[in-house]
Amino acid sequence: MPRPIFDQIITANALLEGDVVYFTATDTWTRDIQQAEVLSDEAIAQVRLIDAMAQSNVIVGAYLMSVKHTKDGHVPTHFREEFRTKGPSNYFHGKQELNHV
């Protein structure tokens, strides 16, 4: 049975801060996954990844990440990426503090 095909976004880590960042349609980086450019075509995704990797003065470790769409926006399809969107989990700080209810 073939694997399901998901849309993709580009993620990396900010070079100076180490924060998880996402590539936007305007060739900039954001810490908000909802602002990431969603790529549905594999060939275009590969070209955009090359564009993102060219910004090695800003980011490190860029790669494609699968996402699915929910009523709350894009969410990662893999648990590793879900952890990365939330930040460290030992206590509420950073992203977790902002999203803690």
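Got at least one residue in the range 54-77 being open to solvent by less than 90 Å² (accessible area, probe 1.4 Å) and at pLDDT below 75?
Step one: of the range 54-77, the residues open to solvent by less than 90 Å² (accessible area, probe 1.4 Å) are 54-56, 58-67, 70, 73-77.
The next check asks that each one be at pLDDT below 75; those that pass are 77.
Scanning the range 54-77 turns up at least one residue that is open to solvent by less than 90 Å² (accessible area, probe 1.4 Å) and at pLDDT below 75.
Taking the criterion of being of a type in the set (A, V, I, L, M, F, W, C), touching a helix residue (DSSP H, G or I) at 6+ places or on another chain (Cβ under 9 Å) and touching a residue at least 12 places away in the same chain (Cβ under 8 Å), would at least one residue in the range 42-58 satisfy it? Taking every residue of the range 42-58 in turn, none turns out to be of a type in the set (A, V, I, L, M, F, W, C), touching a helix residue (DSSP H, G or I) at 6+ places or on another chain (Cβ under 9 Å) and touching a residue at least 12 places away in the same chain (Cβ under 8 Å).
Taking the numbered list (1) in a loop (DSSP other than H, G, I, E, B); (2) open to solvent by 80 Å² or more (accessible area, probe 1.4 Å); (3) modelled with pLDDT under 85; (4) not hydrophobic (A, V, I, L, M, F, W, C) in turn, H93 passes all entries but (2). Of the listed requirements (1) surrounded by fewer than 20 Cβ atoms within 10 Å (Cβ to Cβ); (2) modelled with pLDDT of 95 or more, F23 misses just one: (1). Looking across the range 30-50, just one residue is under 13 Å from G61 (Cα atoms) and either part of a loop (DSSP other than H, G, I, E, B) or open to solvent by 30 Å² or more (accessible area, probe 1.4 Å) (or both), and that is I50.
The values are calculated or read from the model by the stated rules, or taken from the named source; none is laboratory data. No experiment lies behind these values; they were computed from the predicted model shown. Cβ sites come from the backbone with ideal geometry, for glycine too, and all protein chains shown count toward neighbours. The protein model used for the area step is the full one, side chains on, heavy atoms only, and it has no ligands, DNA or RNA in it. Shrake-Rupley method; radii C 1.70, N 1.55, O 1.52, S 1.80 Å.
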